[in-house]
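Here's the structure we're looking at; comments come further down.
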Amino acid sequence: MPSKKRKITPSQRCAFWPCGSCRRDCSHGSIYCNSCATWFHTACEGLDDFQSLDWPSIPTYTCLTCFSEEAAPPYSFNASLLRLSQASDIGLDYLRFQCRREALHLPDFRDVHDGSDPMSLGVHAPTLTIMRFCDLTHLGKPVKSLTDGDCLFSSASIAICGNNSMVTELRVRTCVEMLLNKSFYMQLPNVNDIISTSPSYDDAASECANSKTFSSMWTVYALSTASNHTIDVTYPAVNGSSDFGCKALNVQCRPRGSTDEKNGICIMWTSCAGLKKSGKNRDLWRSDHFVPIIPPKPKCHSSPVPTSQSAATSLDNDISFNQSKDDSNGMNVDLNDDSEMNNSSIMTSKPAADEVTNDTSTSGDSSLESDSEEVNCAPLPGSEPLQGSFLDTPVVINYILRRETAIDRIPRGVKCNVFFVVDNSQNAERRAVGKNSSFVDDCGAWKSSSSKKHLFTRVNNEYVYVDLKNGVYLVTVRGKRVPMDPQPAAGEIITLKRVYTSLKRAPDYRRRISWIEGDIPTDLTRKTQCAAIIEYLGQFPTTPSIHGNRTKSTGEYVRTTKEVRDNIREKTKTSSPHDVYEELTLNGSMCAPRDLKQVQNYAYRRPDAGPKSQNTADELQILLSDMATHEYQQEVIQSKDGLTNIILYTEEQLEELKNFCSNPRGNGVIGIDRTFNLGAVYLTLIVYQNTNLVRKTTHVAPIMLGPCYMHWNGSYDTYHCFFSHLQRKLSGEVSVDALELGGDNLIIGSDEEAALIKAMKMCFPTATHILCRRHIEENVRRKLQQVGSSESTTKRWMEDIFSLLEAESENEFDLLQMEIGDRIENDLQPFHAYFERTADLLKAKVWRPHKDKLTSLDWKNNACESMNHIIKLQQNWTTQKLPQLRDKLHRLVKLQYRDVRAALHGQGNYELAPWTRKFLVNQMCWEAKSEEEKKKLLTRLLKFKHVNAKTIVSADGNLTIPKTPRTAKKPGQRKRVRSAKTTTLNFR
């Protein structure tokens, strides 16, 4: 009698236990079936391959005969999953045994799509946010999947059949695949990556046998074979491209033994929390969910439409429109677009939030003072004329249905009484997923749009306007709305969607957008897949407008096109924001970013590769060979030792420097400084502020880079060559003697470099030279530390020395200098001589210019330091070869004058100062100007001289005097001039 732990009933206690299969004695090597209450030999049941199992400890067992009856068609995957779940509770070996049995009865996999639309389940909003952040929206739309642990199988089921009907089946098939083919998956090429990012294979297989448990990459690979579909797995780079998950989890899983890639689906790792990060310090994004990615539908191909004046007439003759008051069928309707359709009284319903969004609308409106310009209404590509009113309804419907081509987008330019047929397929996709439509143009800010759906049906080839009320279609008969007889079927109705709006700054300039929503009658066909009619009625205004959300900038708001935004997004993946902005701006101002801030919103930094190796002699040869052709190189100065100094500037820089020298008091200080660590040469910069412009962000005058000097040493002769060259160029229009206008000297600031100061004084003897206070303080502090002064003593001496600048008179300054000098001579003798020299510098270069009201006491050469930082930032804080250094400087100069040019039409990083606002033109007028006209306007701005409000200049420019009051009033007079008349008393 076999030894069994289960209790044997009295009826079973007999001398013979026959096997249910072979009918022989079962006293040894047998097992009991709980379903049919029969003993079986383990060999008869095929259990010898599972000798590692402790069969007597198995609580329940089902023989092959009983199992075949349970698994008989129709096969129940729910029952199968229950059996697998119970087997996993016993152990992995028993689960593998159960999977082998299930494999004998599994039906063939059938990839049947019942027509369900996966988009009906809704878009998974957190994943859509992640896809936008990682620029993955081109893959398709993420659809909601189950969030109870079955998300992987839910995603696969939605991608295969459009719904969640195959979740249990796919889990069962995947579990069987994992348990029976472990050796195959342990030999995958990327098995090490899977092991690093997933639990052990046995744990993943055991988890797969239980419903509502999470999955790993092992499960995804087995699911590919179980479903007979190639699975493209996408892991978003939320943590950056260096994240190990991007390498290990962005894979393509193919079915075992298959090389076909056509039958594929896309599943994405995601998080139910979207971009929210977790982990230590909440600095890492972690995935906890799967969703299917439904690829986009194919789009129609569009091409520009040639202008045709007779197109509307030819389409209008095809199908007529019923506008009679009465007809033989008792149906009449008056749908004149200029009366009923465009009458605001019939549009009482508010537009739904998902209907149309005007991308150029703003919450405010403003206009800028500009020169009177005439708008050029030249024909635009794809435009067709309007005859003083919007198109009639039959013409609009026929254009939408019968036009064979449509342009991709609304063209840029002036649009006066024209309309366009535009591809509307992208908006259809946006509306399908609950997004707003987007009709972007360059006209400016539009008012909030009103919209309404209009229903039409065809009767005797005429379009009849109908209303739907309580499920009944109504028409107008003798001024009353009556039910239509016979009632049209739902498939015979055309839904025409229309959006009306007017320009904020010119309400008489109107726009109407029309498109057909939903399906069309079966007897009609579309020649274009999806099109919209966009009509512009009226004359386009010339006054510019600003964005309503801007509180500081007064530049005109122009919507950036999708192509430019996509270009910025693509380039910022590999280049810094500054490089991207400079490149796109130099390629053309009309297709450039709005400003640097816009590029920074898309960007992440990545250093560029440096140039190929060259020695210094080769670099100098390149510069010498470019002398005749390069516009930025102006003069080469070569010495006997072969070293070459190069002067760099453009004509625009020289023109602006001449303007600066002609009005120094109104412009400020010219800063000169030598910069280090840029390359093999020193670079001396001339920097100043352009007071005719202001920055949009800070509203201060921008720092402008002037002429530059590449040289090899800091000797007097070297600097003299540079300054004498500038003196010669400036003397053609502004002589050295003429630098004194009305007693105002040219003010030049620098540090204490002796050779530079000496050369500057020799070339510009009448200029006032000032020193940077910060450099003096640093030099004094350094000298005090060198002579052994402690930190506290150094601080006290610094306060005493720079208290000299608080003197009210020259005598007081001298007395303080003598007092401090005596104390230093007694307490710190090695520092005494340095103090005397420093006190003289403070008096001549800081204190006296301040008393002459030329500069402030705390003037610092920050403009040069800021420009040094900009240059080093541009080259990523690395040294450059000489040609590359020259080119980067030239690029920086061209970029700053591109911004100056852009300020003339309200774009770029700068805007015009109040006294130069008269040069501002609107965007449309700027686009209509020729290149010569644009250059002329820029020259006028560069030559403009702002007269300081504290002085008055005569009409011929020969006399400048302090500003005087318009009327010489009596001391203490408070009344106006008219009220302060003198009364004469006559005494007789």
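Couple of notes before you dig in:
- When restricted to residues that are modelled with pLDDT under 80, open to solvent by 20 Å² or more (accessible area, probe 1.4 Å) and either of a type in the set (Ser, Thr, Tyr) or under 21 Å from residue 499 (Cβ atoms) (or both), the stretch 450-469 contains 2.
- Test: residue 207 is surrounded by fewer than 22 Cβ atoms within 10 Å (Cβ to Cβ) and charged (D, E, K, R): yes
- Residue count for the stretch 163-192, restricted to those that are of a type outside the set (Phe, Trp, Tyr), outside any loop (DSSP other than H, G, I, E, B) and open to solvent by less than 30 Å² (accessible area, probe 1.4 Å): 12
- Checking each residue in the stretch 414-440 for being under 22 Å from the mean Cα position of the chain (by Cα), of a type in the set (A, V, I, L, M) and outside any loop (DSSP other than H, G, I, E, B) picks out no residue at all.
- Residues located in the stretch 824-854, provided they are more than 26 Å from residue 753 (Cα to Cα) and either at pLDDT 90 or above or among the polar types (S, T, N, Q) (or both): 826
- Take the conditions (1) under 22 Å from residue 173 (Cα atoms); (2) modelled with pLDDT under 75; residue 53 misses just one of them, which is (1).
- Residue within the stretch 790-808 that is open to solvent by less than 20 Å² (accessible area, probe 1.4 Å), farther than 25 Å from residue 754 by Cβ and either assigned to a helix (DSSP H, G or I) or free of Cβ contacts under 8 Å to residues at least 60 places away in the same chain (or both) present: yes
- Qualifying residue in the stretch 545-562 (condition: open to solvent by less than 50 Å² (accessible area, probe 1.4 Å), modelled with pLDDT of 80 or more and hydrophobic (A, V, I, L, M, F, W, C)): no
- Test: residue in the stretch 192-214 that is touching a Pro at 6+ places or on another chain (Cβ under 7 Å) and farther than 22 Å from residue 86 by Cβ: no
- Residue match in the stretch 931-947 (condition: modelled with pLDDT under 70, out of contact with any Lys or Arg (no Cβ under 6 Å at 6 or more places or on another chain), surrounded by fewer than 17 Cβ atoms within 10 Å (Cβ to Cβ) and farther than 16 Å from residue 656 by Cβ): yes
Let's see how each residue does on (1) aliphatic (A, V, I, L, M); (2) touching a residue at least 40 places away in the same chain (Cβ under 8 Å); (3) assigned to a loop (DSSP other than H, G, I, E, B); (4) touching a Gly at 6+ places or on another chain (Cβ under 8 Å):
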residue: 454; (1), (2), (3), (4): no, yes, no, no
residue: 463; (1), (2), (3), (4): no, yes, no, no
residue: 467; (1), (2), (3), (4): no, no, no, no
residue: 475; (1), (2), (3), (4): yes, yes, no, no
residue: 486; (1), (2), (3), (4): no, no, yes, no
residue: 494; (1), (2), (3), (4): yes, yes, no, no
residue: 498; (1), (2), (3), (4): no, yes, no, no
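- Filter result (touching a helix residue (DSSP H, G or I) at 6+ places or on another chain (Cβ under 6 Å) and crowded, with 17+ Cβ neighbours inside 10 Å) within the stretch 84-98: 84, 87, 88, 94, 95, 96, 97, 98
- Out of 145, 154, one residue alone is in contact with a helix residue (DSSP H, G or I) (Cβ under 7 Å, 6 or more places away or on another chain), at negative phi and part of a helix (DSSP H, G or I). It is 154.
- Neighbours by Cβ (under 7 Å, 6+ apart or cross-chain): first from the stretch 432-452, of a type outside the set (Phe, Trp, Tyr); second in a strand (DSSP E or B) and open to solvent by 40 Å² or more (accessible area, probe 1.4 Å): 433/141; 436/357; 437/357; 438/357
- Comparison of 215, 241, 224 shows that the only residue that is in a loop (DSSP other than H, G, I, E, B) and either open to solvent by less than 10 Å² (accessible area, probe 1.4 Å) or in contact with a strand residue (DSSP E or B) (Cβ under 9 Å, 6 or more places away or on another chain) (or both) is 215.
The values are calculated or read from the model by the stated rules, or taken from the named source; none is laboratory data. Computed from a prediction, not measured in an experiment: that's the story for all the values here. No Cβ is skipped: glycine too gets one built from the backbone with ideal geometry, and neighbour counts run over all protein chains shown. Protein only, heavy atoms only, side chains kept; ligands, DNA and RNA dropped before computing areas. Shrake-Rupley method; radii C 1.70, N 1.55, O 1.52, S 1.80 Å.
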